[in-house]
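Enquirer: Here's a structure for you.
Please treat every number below as a calculation from the coordinates, not as lab data. Model, not experiment: these values are computed from the prediction. Every residue, glycine as well, gets a Cβ built from its backbone with ideal geometry; the counts of neighbours run over all protein chains shown.
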Amino acid sequence: MRPQNRFLLTTLAGAAATANALRPVARTGPLSVPAFGWGLPTSELPLQALAFQGALALAAGRGGGRKGLRGAAGVALTAASAAGLVRLHREASNADEVLEQALRDELGNDYRNRIREPFTPVPEEPLTRRSILLPDFGVRRRYRVEKDISYGEAGRRNRMDIWRRKDLDRDARAPVLVQIHGGAWMMGQKEGQGEPLMAHLVQRGWVCVAPNYRLSPRSTWPDHIVDVKKVLAWVKENIAEHGGDPEFVVITGGSAGGHLSSLAALTPGLAEFQPGFEDADTSVAACVAFYGVYDFTNRHGTGREDMLPFLEKRVFKSLVADDRPRWEQASTVSHVGPAAPPFFILHGTNDSLVPVEQARSFVEDLRKASSAPVAYAELPLAQHAFDILPSVRAAYTARAVERFLAVVRSEFGGPTPAEAVSRA
């Protein structure tokens, strides 16, 4: 290949990746999946993408690749891509303000002052240049202290990991977060998702639980939510042995995990989702739902119609037209009511897998029905799964979640550690 053609094609590919991160090429249909896969690393690690694209451009430009009209076009594409990547970084850096405003809008401007001791979060240190440029991918190795604990009868799909600080006292009665992975109800595992949030909370003294659950097409709905309920029942019965407080358990998850975590939060004790353990306590103190699917029946027209054939064939194994009550029961929005726990819902405007409009309609319905806080943060230019990489946006998101949960513990949660000791 001639040097000028090599240089032009290389810079064109980089510019296309940046353009897709700024504006996904598709939000529905078959192209939405590659738009997500292509856009996530670029939108969440734009400075690293800038370095990578720059290195490729330098290598491709050797031997006269930057000469002539095609060389000039390649240089222009490189400059345009660099500008776009800088914009992506600035937008991610502004996430702290977006998240703070979302909490203020729902909890009030004075919400930080209402956090009781000892629930006040540790003062937040500014992100350093090193932490931004060299993200930490080693948190699992440091904080996962127990692996593959069995909670059910389904082999490796019914195993969980526990994350906590190694110096956490077994009698600490630390707050507990249950992290439910995503993967379209068909794939995924307890490793690799929600780790920036879990690492942040573990550093602050939390205990985190990351389970697997049964997946389709081998399993059929409601096996997925039944397993999530089994996890919650196990946590309530056993987490004190691992330093956790069974009186303050919150649940989180993204995508399919956002659906499962929000559904579990709204259906404590629902017999159909707890066969054989109907009397087990599966209630949670709060839910933090990331980019979830909240309505399988698309009653508000904010979902993806092109997702129905996949769900019918592989997850529910029934047609929605023939089995609507079951599909409605599986939809989180069907269970909103005044008894809902506090919610913090997060979604990116650039999500090319689950429309941001679905989050908006769910928030509207939940706010109308619930007597508890419903905070909602809509993050500009954030793609689906924006929180799984140790990015600037993920770091600010974890901090905001910690602040939200500190308010929940203070105003809606269980006793302080001192009160718990005196009660015992």
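Enquirer: Treating region 4-54 as a set of equal point scatterers at the Cα positions, no solvent, please give the Debye-formula log₁₀ I(q)/I(0) at q = 0.21 Å⁻¹.
Expert: Debye output, listed in q order: -0.73.
Enquirer: Continuing with this model, one more query. Assigning unit charges at the beta carbon (Lys, Arg +1; Asp, Glu -1) and nothing else, what dipole magnitude in debye, to the nearest 20, does the chain show about its Cα centre?
Expert: Once rounded to the nearest 20, the dipole reads 2020 debye.
Enquirer: What's the exposure ranking of ARG159, ARG409, going from fewest to most Cβ atoms within 10 Å?
Expert: Taking fewest neighbouring Cβ atoms as first place, the list is ARG159, ARG409.
Enquirer: Using only the alpha carbons of region 1-156, what is the convex hull's orientation-averaged projected area in square nanometres?
Expert: Details: hull surface 64.2 nm².
Projected over every direction and averaged, the Cα hull of region 1-156 covers 16.1 nm².
Enquirer: Can I ask one more? Kirkwood Rh over alpha-carbon pairs of region 3-93, then Stokes-Einstein at 37 °C and 0.692 mPa s: what D in µm² s⁻¹, rounded to an integer?
Expert: 248 µm²/s
Enquirer: Which pairs in the list LYS166/LYS236; LYS190/LYS317; LYS317/LYS368; LYS230/LYS368; LYS147/LYS230 are over 23 Å apart, alpha-carbon to alpha-carbon? Walk me through the numbers on the way to the answer.
Expert: Numbers: LYS166/LYS236 21 Å; LYS190/LYS317 25 Å; LYS317/LYS368 33 Å; LYS230/LYS368 30 Å; LYS147/LYS230 17 Å.
From the list (LYS166/LYS236; LYS190/LYS317; LYS317/LYS368; LYS230/LYS368; LYS147/LYS230), the Cα-Cα distance tops 23 Å for LYS190/LYS317; LYS317/LYS368; LYS230/LYS368.
Enquirer: In nm, give the distance between the simple-model label positions of LYS313 and LYS67, each being 7 Å from the Cα along the Cα-to-Cβ direction.
Expert: It is 5.3 nm.
Enquirer: If you don't mind, there's one more thing I want to ask. Considering only C-alpha atoms, what is the centroid distance from region 38-71 to region 260-318, in Å?
Expert: 42 Å
Enquirer: Another one. Please report, to two decimal places, log10 I(q)/I(0) for region 152-308 at q = 0.10, 0.13, 0.19 Å⁻¹ as given by the Debye formula with identical point scatterers on the Cα atoms and no solvent.
Expert: -0.34, -0.57, -1.18
Enquirer: For ASP167, ASP148, what ranking results if the residue with the fewest other Cβ atoms within 10 Å of its Cβ goes first? Intermediate values should be presented prior to the final figure.
Expert: Values: ASP167 7, ASP148 10.
With the sparsest Cβ surroundings first, the list reads ASP167, ASP148.
Enquirer: Counting helices only, and only those DSSP H runs with n ≥ 4, report the 222 nm mean residue ellipticity of the chain as the sum of -39,500 (n - 2.57) divided by its residues, in deg cm²/dmol to the nearest 500.
Expert: On the way: 14 runs with 181 residues, N = 424.
Only helices count here, giving -13500 deg cm²/dmol.
Enquirer: Looking at region 341-413, which chymotrypsin sites (Phe, Trp or Tyr not before Pro) are DSSP coil and have at most 15 other C-beta atoms within 10 Å of their C-beta?
Expert: Working: sites: PHE343, PHE344, PHE362, TYR376, PHE386, TYR396, PHE404, PHE412; in loops: PHE386, PHE412.
Hits after loop and neighbour filter: PHE412.
Enquirer: Mind sorting ASP110, ASP227 by how few other Cβ atoms lie within 10 Å of their own Cβ, fewest first? Don't jump to the answer; show the numbers that get you there.
Expert: On the way: ASP110 8, ASP227 24.
Neighbour counts put them in this order, fewest first: ASP110, ASP227.
Enquirer: OK, next. Starting from the Cα of MET186, step 7 Å along the direction of its Cβ; do the same at ARG130; then give the gap between the two resulting points in nm.
Expert: Result: 4.4 nm between the two label points.
Enquirer: If I model a spin label as a point 7 Å beyond the Cα along the Cα-Cβ vector, how far apart are those points for PHE412 and THR120 in nm?
Expert: 2.3 nm
Enquirer: What's the local net charge at LYS317, with K and R +1, D and E -1, over the other residues with C-beta under 15 Å away?
Expert: +2
Enquirer: Which three lengths, in whole Å and largest first, does the chain cover when its Cα atoms are put on their principal axes?
Expert: Taking max minus min along each principal axis of the Cα atoms, the chain gives 78, 54, 42 Å.
Enquirer: OK, next. So if I take the alpha carbon set of region 124-245, get Rg, then get Rh from the Kirkwood formula, what is the Rg over Rh ratio?
Expert: Checking Rg against Rh, the ratio lands at 1.01.
Enquirer: Decide, for region 222-293, between rounded, prolate and oblate: order the square roots of the alpha carbon gyration tensor eigenvalues as a ≥ b ≥ c, take rounded if a/c falls under 1.5, and otherwise choose prolate if a/b is larger than b/c, else oblate. Walk me through the numbers before you get to the answer.
Expert: Working: a/c = 2.00, a/b = 1.18, b/c = 1.70.
Note, shape of region 222-293 comes out oblate.
Enquirer: A follow-up question, please. Would you please classify the overall shape of region 280-424 from the alpha carbon gyration tensor, given that a ≥ b ≥ c denote the square roots of the eigenvalues, rounded means a/c under 1.5, and beyond that prolate means a/b larger than b/c while oblate covers the rest?
Expert: Since a/c reaches 1.5 but b/c is at least a/b, the shape of region 280-424 is classed as oblate.
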